[in-house]
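Comments concern the structure below.
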Amino acid sequence: MSMGTIGDPPTIAGVGPAALIEDRTIPGGAPIPVVNPFTDREIGVTHEAGAALVDEAVAAAVAALPGWSRTPASRRAAVLRSTADLIERPSHRIPAMVTDEMGMPITLSTVTQQALPATVLRATADAAESFPWEQTSDGTILRRVAGGVVAAITPWNMPVHQIIAKVAAAFAAGCTVVLKPSEATPFDAMLVRRCFIDAGLPAGAFAIVNGTGPVTGQALASHPDIAHVSFTGSVRGGKAVATAAVESLARTTLELGGKSPAVVLPDADLDAVVPRVLASGLVNSGQACNATSRLVLPAAHADRIETLIDTALGHFVFGDPTASETTHGPLASPAHARRVLDHVDRARQDGARVIAGTGSQLDIGDSRSFVSPIVFGDLDPTAAAVREEIFGPVLVAQYYHDVAEAIELANDSQYGLSAEVWSADRDHALEVATQLEVGQVKVNGVRTRERPTVPFGGVKKSGHGRELGSAGITEFTEIMAVMA
């Protein structure tokens, strides 16, 4: 591939590079096809960045670090705000690119992969300007300083939002970044970087290395000049990243998924709540780390709830994700669809009762990636469908007889990322919320996207560290204590 500069039009599809470093567009190793899961056709190819290109990217970020870290916080905030303006421009086609790459309905990608990232950028800029960069304690000046070069490793399911959640905070903190996006969604990352550079970020401060986790991700996470690795993905991937980071004693922020409960209390307005809980569990066809995949429900209202679940599923529209009427698109790939279908088969073998839906492969166009939603009941708490993150349109209903049992069921998980609590009595909902073992609880339908500065992250096997707001900036800083 020929070399280019940052002044060239951004790559939308076709042949993508192995790396973008400073003003260079660099070819690399093995080709990695990018396939639209709705058309089942290749939309482009990127290439694997090996250890040598990772070295180059990190070296550029190291070189850019002194200048960017000394840039006033107000100027760094201005770059974030300008980036937000550019991300919102229709000409960049960011929502359409995400839809092409991984099948997210265009209505959802517009909200979550364009509007939300812009909101997060502006909120992070505000947080940077009010951040306590310098405080005094016991006669000592405590300064928050940039932690160094950050490796950001992001997933395919909410690709632009996950990139922005990491890099916006890192840049606000004065750090420089080397990003490895998912190999399934590389082109949106290139568009995002273009927006940052056009907004005034020094080109050396933000490099992209494309490739797979075992090759590019491993080389990046273990690089001796990386100070902090921020990773979102599976528990297995998180363990690999943490192990690699140990080599250089890099700090880590790990967001490793969840099996989030939605606790519907007995006094909740079921007609209003059940459809909303179901929509939350099946957002992005269930491909969301904080999807409420466990429905913790009052046994006294089981019949009514199951009728409402069946009715709500009937309102979903599966089809072309570029169509405005489509509510649910395909899963990200045929391979992922097969994994989800395997989970459905296993749940049936474990004796699950089908409450609603079919959990079957849907024949829509040329796609092999559609799976219809299914809600299971009567599963043992040890069943895989109850314990494991499926990352697809598969929900499990768990019934309780009193609120103490509801809390016990909600906490009976190796994960602790997110939860919902629903009640007609807000104070009662808050009381229950404080007893849940998770990093974030949403009461009565509050959405994450409505609170862009609220810390997001988990406990237990959902990982550690926090993203968004001042907590997200803090992740990427170190304390310098100056005693005088």
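The values are calculated or read from the model by the stated rules, or taken from the named source; none is laboratory data. This structure is a prediction, so every number in the text was calculated from the model and none was measured. We place every Cβ from the backbone using ideal geometry, glycine too, and count neighbours over all the protein chains shown. Side chains included, ligands, DNA and RNA excluded: accessible areas come from the protein's heavy atoms. Shrake-Rupley method; radii C 1.70, N 1.55, O 1.52, S 1.80 Å.
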Checklist outcome for this item: Sparse-neighbourhood loop hits (GluC sites (Glu not before Pro), the stretch 412-453; DSSP loop; Cβ within 10 Å at most 16 others) -> E437
Next on the checklist: Run lengths n ≥ 4 of DSSP H only: what is the helix-derived mean residue ellipticity at 222 nm for the chain, with -39500 (n - 2.57) per run over all residues, to the nearest 500?
Outcome noted: -11000 deg cm²/dmol
Next on the checklist: With just the Cα atoms defining each centre, how far is the stretch 210-285 from the stretch 425-484? Give it in Å.
Outcome noted: 14 Å
Checklist entry - Taking the inverse of the average 1/r across all pairs of different Cα atoms in the stretch 129-243, what Kirkwood radius in Å do you get? => result 15.0 Å
Item to check | For the stretch 62-68, 3J(HN,Hα) per residue [Karplus equation, 6.51 cos²θ - 1.76 cosθ + 1.60, θ = phi - 60°, Hz, x = Gly/Pro] | outcome: 4, 5, 7, 4, x, x, 6
Checklist entry - Using the Kirkwood radius built from alpha carbon pairs, what does the Stokes-Einstein equation give as D for the stretch 325-386 at 37 °C and 0.692 mPa s, in µm² per second? => result 266 µm²/s
Checklist entry - Based on the Cα gyration tensor of the stretch 280-426, what are the three equivalent ellipsoid semi-axes, each the root of five times an eigenvalue, rounded to whole Å and given largest first? => result 26, 17, 14
Checklist entry - How fast does the stretch 107-191 diffuse by Stokes-Einstein, in µm²/s, taking the Kirkwood radius from C-alpha pairs at 25 °C and 0.890 mPa s? => result 172 µm²/s
Item to check | Using θ = phi - 60° and Karplus 6.51 cos²θ - 1.76 cosθ + 1.60, couplings along the stretch 299-315 (whole Hz; Gly, Pro as x) | outcome: 4, 5, 10, 4, 4, 5, 4, 5, 5, 5, 4, 4, 5, 5, 4, x, 8
Next on the checklist: Spelling out what I want: for every residue of the stretch 101-114, take phi, set θ = phi - 60°, compute 6.51 cos²θ - 1.76 cosθ + 1.60 (Karplus), and round to whole Hz; glycine and proline get x.
Outcome noted: 6, 9, x, 5, x, 4, 5, 6, 5, 5, 6, 9, 10, 10
Checklist entry - What is the distance in Å between the Cα centres of the stretch 381-414 and the stretch 96-143? => result 31 Å
Checklist entry - Roughly how many Å is it from the Cα centre of the stretch 41-66 to that of the stretch 162-184, as a whole number? => result 13 Å
Checklist entry - For the stretch 129-173, treating each Cα as an identical point scatterer without solvent, what Debye log10 I(q)/I(0) comes out at q = 0.23, 0.30 1/Å? => result -0.84, -1.06
Checklist outcome for this item: Over the chain, the quotient of the Cα radius of gyration and 2.2 N^0.38 Å is 0.97
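Give me the mean projected area, in nm² to one decimal, of the convex hull enclosing the Cα positions of the stretch 254-360.
So the Cα hull casts an average projection of 8.2 nm².
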Checklist entry - Can you tell me the accessible area per residue over the stretch 339-484, all protein chains present, probe 1.4 angstrom, in square angstrom? => result 46 Å²
